Amino acid sequence: MLSVANVLIHASQFPENVRRDLLASLRARRVNHKFHYDSVKQTQKWLALHQAYSPTRNDADCRAIYEKSFAAAAAQIKSRRVHVIGLGCGGGQKDTRLLKLLQARGKEVFYTPCDVSAAMVLTARQTALAAVPERNCFPFVCDLATADDLQKFLVTRHPSLVTFFGMIPNFESGKIMPKLASLVRPKDFLLFSANLAPGKNYAAGMKKILPQYDNPLTRDWLMTFLDDLGVERRDGRLRFKIEDAKTTRLKRIVADFHFRRLRRIEVENEAFTFRAGDAIRLFFSYRCTPGRARTVLNRHGLKVREQWIAKSGEEGVFLCRRK
Ligand SMILES: C[S@@+](CC[C@H](N)C(=O)[O-])C[C@H]1O[C@@H](n2cnc3c(N)ncnc32)[C@H](O)[C@@H]1O
């Protein structure tokens, strides 16, 4: 293996644009999620907490729903060549299992690990090299929320299998879904997974999954953003709660840092003052139901062909095609 990697970096992640987005987050006191994956340190912390708390790592049945969806996608794709596009690929573990399966079925595989974090993209690339030759791997760093010319870079010569795993909870669906849908052509497939609120009682389901967020590893990961800006942990308290979203009928877990004393920080010559009683939203995660996930996909021209829901009711995978 070469000791260098070619990585395409979209302008949405050029320093001047990242700086603009950071200032916007601080002005609005609502942190864009991408800032929690920015550095190598944050990437490592997220990978560690994912390992500790994600049902895909700790629940054999949850892992099995992904395996079944991969097998179904592989069986339905008839072309000999297939290009997997991992949107928000993270460490690339799920995409790599999918790539291995496609390869085992005799397909020539291509892979574009795509993520806002260069460290994630490189981690996913490294993981995927167990299944994909280096010449068929095209790492791509970009901000899916702000890039408006994704088709130029993510529309491939061969039929593609787009993966969008665990991404929807951290986005406003009205903004991200049109972009996702624009990347799925009639000859392509989409594997989409969503974190769900388990059980028939939505509110009780939300309470059940709260500990997957309100735990020491997640607190430490989220606080890294504020630490790096010069906010001290004793400046306030990080609180998790469940709230009803204003624009949708969904509930979400949110994490806000509440200041209990004055803190001034300076970023790019701009001063930000937080007083006792002020708060900054660090994180949110929507939880939906299988029916709601299908409705959202359908609204954006994506038809669910098959779905797999974990017995725990906490995660679902949907295999979709353009209607
Ligand atoms: C919850 S993780 C999911 C990772 C992976 N798909 C999985 O299922 O294990 C979210 C991923 O989205 C990436 N991400 C967050 N905001 C993004 C954005 N605006 N554009 C592209 N990727 C983003 C993060 O860097 C992170 O790798």
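General remarks:
- Share, in percent, of DSSP beta bridges within the chain that are antiparallel, nearest 5: 60
- For the range 211-323, carbon and sulfur atoms together expose 45% of the accessible surface, with a 1.4 angstrom probe and every protein chain in place.
- Average accessible surface area per residue within the range 164-238, 1.4 Å rolling probe, Å²: 41
- Debye intensity ratio I(q)/I(0), log10, the chain, q values 0.10, 0.11 Å⁻¹ (C-alpha model): -0.58, -0.70
- Order by protection proxy (mean Cβ within 10 Å, highest first), peptides 87-97, 129-139: 87-97, 129-139
- Protection proxy ranking of 203-213, 43-53 - average other beta-carbon atoms within 10 Å, highest first: 43-53, 203-213
- Cross-linked pairs LYS152/LYS179; LYS34/LYS246; LYS68/LYS94: Cα-Cα separations exceed 18 Å for LYS34/LYS246.
- In the distance distribution for the range 62-111, Cα-Cα pairs more than 16 Å apart total 34 percent.
- For the range 196-268, the ratio of Cα radius of gyration to the globular rule of thumb 2.2 N^0.38 Å stands at 1.34.
- Candidate residues ARG322, ARG27, ARG20: accessible-area rank, largest first, probe 1.4 Å: ARG27, ARG20, ARG322
- ARG234-PHE272 FRET efficiency (beta carbon distance; Förster radius 22 Å; 0.05 resolution): 0.75
- Cα-based reach from LYS241 at 19 Å (exclusive), listing aspartates and glutamates while leaving out same-chain residues under 8 positions away: GLU172, ASP214, ASP220, ASP256, ASP278, GLU314
- Distance from the range 282-323 to the range 154-174 (C-alpha centre basis), Å: 12
- The convex hull of the Cα atoms of the range 1-124, projected and averaged over all directions, covers 9.8 nm².
- Shape of the range 39-91, Cα gyration tensor, a/c cut at 1.5: oblate
- Ordered by solvent-accessible area of protein heavy atoms (1.4 Å probe), largest first, the residues THR295, THR163 come out as THR295, THR163.
- Euclidean distance of C-alpha centroids, the range 202-280 and the range 94-131, integer Å: 33
- Solvent exposure ordering (accessible area, 1.4 Å, most first) of MET167, MET223: MET167, MET223
- Each helix, a run of at least 4 DSSP H residues, gives -39500 (n - 2.57); summed and divided by the residues of the chain, these come to -11000 deg cm²/dmol at 222 nm.
The values are calculated or read from the model by the stated rules, or taken from the named source; none is laboratory data. The structure displayed is predicted, hence computed values, not measured ones. Neighbour counts are summed over all protein chains in view; Cβ atoms, including those assigned to glycine, are modelled from backbone coordinates with ideal geometry. The area values use the complete protein model at the heavy-atom level, side chains included, leaving out ligands, DNA and RNA. Shrake-Rupley method; radii C 1.70, N 1.55, O 1.52, S 1.80 Å.
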